[in-house]
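What follows is a set of notes on a single structure, which appears directly below.
Here, each number is a calculation from the coordinates, and none is a lab measurement. Worth saying up front: this structure is predicted, and the values here are computed from it rather than measured. Here Cβ is always computed from backbone atoms with ideal geometry, including for glycine, and neighbour counts include all displayed protein chains.
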Amino acid sequence: MVSLKSTTSGFILRDIFAALTERVKDTPVDTIEYAFMCWIYPALRDHNEPILPSDFSVSNYSHVAQLAFLTEVNPILFADQQPSLTDGLNRTSARAATITGVGPAGFYSDAIALIGLALGAKRLGGDTIQEIGSWMDSFARIAATSLPPWKKTLIIATLDMLDKPVANSTGLAADIELALTSRGIDSFPQIDLDHTYQEICTTAIKDDIEPPAAAAKLQAIDYLIKHIPAISINKPTIQQLTQVLENITPAFRRWVWESAPKTPKSTTQRWDIQNEYHVQSLLYFLLTPLFPNIEDEFYLETTGLLNPRADIGLPSLNLIIEVKFLRAGKSFQKIQEEIAADTTLYFKKESVYKDKYTKMLVFLWDDSNRTQEHGTFKNGVRAFNNVADIVVITRPGIIGTHQKAI
C-alpha cells in the first residue's frame, strides 16, 4: 500500500496519477469493466478501444450494460445497435431482483452494470427509462447499503439519473462524485474542488484497488489538474513550484516562432533560447509575479579562491534554483558533476546563508533532446544533499534548430 499523505510529503497528483495508471492498463478490452472505464475516463481510449464480447447476448444484463457504455463512448459507431440495446433493457427490466431459493440475482448489487443500464435507458427515454427506473428503485437503494463507498456513489448517481433520488447522498467518495460530474452526471452539485484534492492526496492507494475505481479516480485527477491553480498564491510550496515548471512545455504552444511577419508593420520574430542565460530570463519572467522577493545572479560567500554565484533565489521558500543548459556535445555526467560542486559551495555548514537558503531545485534545459537519459540523470541528482527536486525540459519542437551560439 502506498500512503499519499499530502503535497508536503513529496507525493503530488502526478505521482498518484502514475500509480493509478498502473492499475488500469491490463484490463481486457472486451469486458464491461473496460467499457465503464473508457466511459468514466475517456483518455483511456487513446491506448485501446473497448469492444463487445464475441458471445454478446441481449439476455445477458452485463452485456446490455456494456453495450450502453459503448454507445455513450462512441454513439455513431454503435448507432445500429440501438434495437439490441432496447431489447436487452426490456428483457432486463422484466427480471426479478431475487431468485426463490437462491437469493439476489447477479445484477442486484452490480453497481457498474446498473449505471450502464441507466445510461442506456436515459439515452432511449420514453417507456424504457420509466421501466428501468421502477425496476431499479425496487432493490438498488437497499443493495447499496452493503457496498463500498465508491460503488454506493455509483448507485446514488444511477437512481438520480432515473429520477429516483436518494436522500443524504453526498460525501461518500468525493473523487468518484467529481468524476461522475465531469462526465455530465449532475447528481452532486455541491463539489468542493479543494476538499476533493485533499481527499485524493490523503487517501491511501491500495494495491488491490479495482481498475474501474482507479479509472474514476484518474478522471477526477485529470479534471482537477485542468481546473485548479497549479500553485497557491498565498503559500506556495516547492512541490507546487516543481509542478509549474514541469508544465512549461505545453505553454510553448503560443511561443513566438514565426515563418513570416504577423502584421504588415512588424518583422519576423523568433524567440530563440540558445543558452543558460536565456533560460534564466525565462524563469525570472515566470516567477517574479509569484515571488516578489526573487533574487537573480547573486553571490554567496567566498570559499578560498572561489566566489560562487547562484542563478535564482526564492527566500520565501529557502530555495535556490540552479539552471543548467545541455548542448549536444556535453554529457549528462558533466552536468551532474557541476551540480555536485554547486551543492558543496552553496550549502556549507557554517555559511552565513545557511538559514536563508537550505535547498536547491535544479532546472535543466536539454537542448540535445536526449530523453532516454533523463531518468537516470534525475535519480542521480536527487541523491545529492540539499537537492529538493529536479526539472528537465526538452527543447520544444516548435523552436527550430538554431546555429551554435558564439
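Using only Cα atoms and rounding to the nearest 10 degrees, what angle (0 to 90) does helix 13-24 make with the longest principal axis of the chain? Rounded to the nearest ten degrees, it is 40. Our coupling estimate for the range 257-272, obtained by passing each phi through the Karplus curve with A = 6.51, B = -1.76, C = 1.60 and θ = phi - 60°, is 8, 9, 8, 7, x, 7, 10, x, 9, 10, 10, 5, 10, 9, 7, 6 Hz, Gly and Pro reported as x. Computed over the range 251-394, the percent of Cα pairs more than 26 Å apart is 32. Using C-alpha pairs below 8 Å separated by at least 6 residues, the relative contact order for the chain is 13 percent. If each DSSP helix of 4+ residues adds -39,500 (n - 2.57) and the sum is divided by the residues in the chain, what number results at 222 nm, nearest 500 deg cm²/dmol? That calculation yields -13000 deg cm²/dmol at 222 nm. In this calculation the C-beta distance from HIS278 to THR344 is compared with R0 = 30 Å, giving a FRET efficiency of 0.65.
Springs between Cα atoms under 10 Å define the GNM used for the chain, and in it the highest mean-square fluctuation of ASP26, ASP389, ASP15 occurs at ASP26. If the chain linking ASP127 and ARG14 were pulled fully straight, counting 0.36 nm for each residue of separation and taking away their Cα-Cα distance, it would gain 36.2 nm.
Across the range 251-394, the relative contact order, built from alpha-carbon pairs under 8 Å that are at least six residues apart, equals 18 percent. Geometric descriptor of the chain, per residue, is 206 Å³ (volume of the convex hull of the Cα atoms).
Relative to its Kirkwood radius, the Cα radius of gyration of the range 7-227 gives an Rg/Rh of 0.96.
What are the trypsin sites (Lys or Arg not before Pro) within the range 199-279 that DSSP puts in a loop, where the Cβ has at most 13 other Cβ atoms within 10 Å?
The qualifying sites are LYS206, LYS262, LYS265.
Compute the longest continuous run of the chain that contains no exposed GluC sites (Glu not before Pro); treat a site as exposed when its DSSP state is not H, G, I, E or B and it has at most 15 other Cβ atoms within 10 Å.
1-257
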